[in-house]
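The values are calculated or read from the model by the stated rules, or taken from the named source; none is laboratory data. Values in this document were obtained by computation on a predicted structure and should not be read as measured data. Neighbour counts are summed over all protein chains in view; Cβ atoms, including those assigned to glycine, are modelled from backbone coordinates with ideal geometry. Only protein heavy atoms, including side chains, enter the accessible area calculation; ligands, DNA and RNA are left aside. Shrake-Rupley method; radii C 1.70, N 1.55, O 1.52, S 1.80 Å.
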Amino acid sequence: MPIVVRKIPFEFVSDMNGLLAEIENGSFTADEIIGVIGKTEGNGGVNDFSRILADRVFRDFLNTHGTRSPSEIDRMPIVWSGGTDGVIAPHMNIFARVGGDGSAGDEKRLAVGASMSEPILPEEIGRLPMVEKVAEGVRAAMADAGITEPSDVHFVQSKTPLLTRERIEDARSRGKDVVMTDTMESMAVSNATAALGIGYAVGEFDLPRPEQIANDLDLYSAVASCSSGVEQDPAQIVVVGNKAGAGGDFRIGHSVMRDALDFDGIYAAIRSAGLDLPERPHPSDLGDAVVNCFIKCETDPSGRLRGRRLVSINDSDIHHTHHTKGAVGAVAAAAIGDPAVYCSVAALQQGPAGGGMVAAIVDMSKAP
């Protein structure tokens with residue numbers, strides 16, 4: 001059954017009007033939605049309640065407008081990345097499996113699979129057991145998508161738990177220690193651990209050594225986009241790739257941004273998805289074919305960008321993640337001509353240090 005992807009704006013954090021309009025227009029039904037990846041307008045930190053609010057409102061919407069049971073809806077992967085710094089516009093990306101014959105000959109088209117990992121314990125965050133649990137979840141999501149070749153995987157979005165005081169105390173009450181006690185920094189470490197699980201699962205590298213987790217910045221996945229929060233204990237995993245015979249009009253490709261100004265990395269992902277672009281592209285060359293780009297970004301640990309000294313990493317008033325997310329979001333918005341771009345920070349081991357992974361979904365029926 002073909003996959004349909006729609007980008008829908010949030011006019012406020014609990015806004016479901018755009019989603020309802022898509023359903024009423026016949027794009028898909030509530031029961032055909034299989035996953036959501038979106039940007040909400042909170043602070044992007046440990047206590048970002050906008051993610052929890054959007055998650056609850058969305059699941060309640062599906063319960064009201066569809067026929068699936070609450071337990072089925074609760075198992076659906078819904079990944080919200082908090083923080084719309086700068087020009088990034090809040091939005092949701094809906095993935096739906098719709099009716100159709102599912103046949104497209106040998107042409108590869110979009111395939112999506114989802115899974116929930118085994119619960120990740122506080123003491124496993126930042127350590128090999130979490131890597132292995134995420135990897136198992138990725139393999140299950142690939143099977144759900146019907147993707148057998150790891151090279152056909154172009155984007156894996158995960159949502160994993162981070163450390164909170166409550167989780168730290170839970171581990172200690174059972175005689176376990178945790179990898180760190182800084183809850184904010186545990187977000188980046190959880191993301192890095194998940195990224196290595198993803199890269200391991202799709203064959204980008206062998207099982208990493210414990211000391212490489214969140215430390216060896218030369219080891220990274222080019223398809224991993226990882227987010228973490230307080231919403232759940234398992235890893236929610238969405239695998240997006242291409243496969244022959246999937247049907248539909250959508251394709252996905254990926255690349256990496258080498259640094260925060262790498263327009264070419266964004267356009268390389270769009271080319272990888274199947275659009276022909278000139279040597280020096282302009283947003284007008286894309287027409288309406290680009291559904292969205294999904295980008296991870298990270299402040300360069302050297303504190304420099306193309307040889308120039310940056311001060312954001314030393315800013316005591318605004319965390320450097322906000323600087324970088326706002327800046328890369330603007331680069332991406334300028335590249336595709338749309339501020340509703342999925343740009344997420346804390347990209348440790350998700351693309352090169354100081355850069356990040358990029359995935360692009362295109363609608364081939366709208367190719368210029």
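When the test is whether a residue is exposed (fewer than 14 other Cβ atoms within 10 Å of the Cβ) and not in a loop (DSSP other than H, G, I, E, B), residue 169 passes it. Picking from 161, 122, 129, which residue would you name as being without any contact (Cβ under 8 Å) to a residue 40 or more places away in the chain, under 21 Å from residue 228 (Cα atoms) and of a type outside the set (Asp, Glu)? That would be 129, the only listed residue that is without any contact (Cβ under 8 Å) to a residue 40 or more places away in the chain, under 21 Å from residue 228 (Cα atoms) and of a type outside the set (Asp, Glu). Of the residues that make up segment 51-63, is at least one more than 15 Å from the chain's Cα centre (by Cα) and part of a loop (DSSP other than H, G, I, E, B)? Looking for residues that are more than 15 Å from the chain's Cα centre (by Cα) and part of a loop (DSSP other than H, G, I, E, B), one finds none in segment 51-63, hence no. The single condition among (1) farther than 11 Å from residue 297 by Cα; (2) open to solvent by 40 Å² or more (accessible area, probe 1.4 Å); (3) in a helix (DSSP H, G or I) that residue 368 does not satisfy is (3). The set of residues from segment 79-96 being out of contact with any Ser or Thr (no Cβ under 8 Å at 6 or more places or on another chain) and either outside any loop (DSSP other than H, G, I, E, B) or within 15 Å of residue 240 (Cβ to Cβ) (or both) comprises 91, 92, 93, 94, 95. Any idea which of 340, 346 is assigned to a loop (DSSP other than H, G, I, E, B), touching a Lys or Arg at 6+ places or on another chain (Cβ under 7 Å) and surrounded by 21 or more Cβ atoms within 10 Å (Cβ to Cβ)? The unique qualifying residue is 340. Would it be correct to say that residue 184 is under 25 Å from residue 55 (Cβ atoms) and surrounded by 23 or more Cβ atoms within 10 Å (Cβ to Cβ)? Against the criterion (under 25 Å from residue 55 (Cβ atoms) and surrounded by 23 or more Cβ atoms within 10 Å (Cβ to Cβ)), residue 184 does not qualify.
Starting from segment 206-229, take each residue that is over 17 Å from residue 158 (Cβ atoms) and list its partners that are part of a strand (DSSP E or B) and at pLDDT below 95, counting only C-beta distances under 9 angstrom and pairs at least six apart or across chains. Taking only residues 6 or more apart or on different chains, not a single pair turns up. Taking segment 16-25 only, how many residues are open to solvent by less than 60 Å² (accessible area, probe 1.4 Å) and assigned to a loop (DSSP other than H, G, I, E, B)? Qualifying residue count for the region: 1. The strands (runs of 3 or more DSSP E) found wholly in segment 200-307 and carrying at least 2 residues that are open to solvent by less than 10 Å² (accessible area, probe 1.4 Å) and under 25 Å from residue 85 (Cα atoms) occupy 224-229, 236-244, 290-296.
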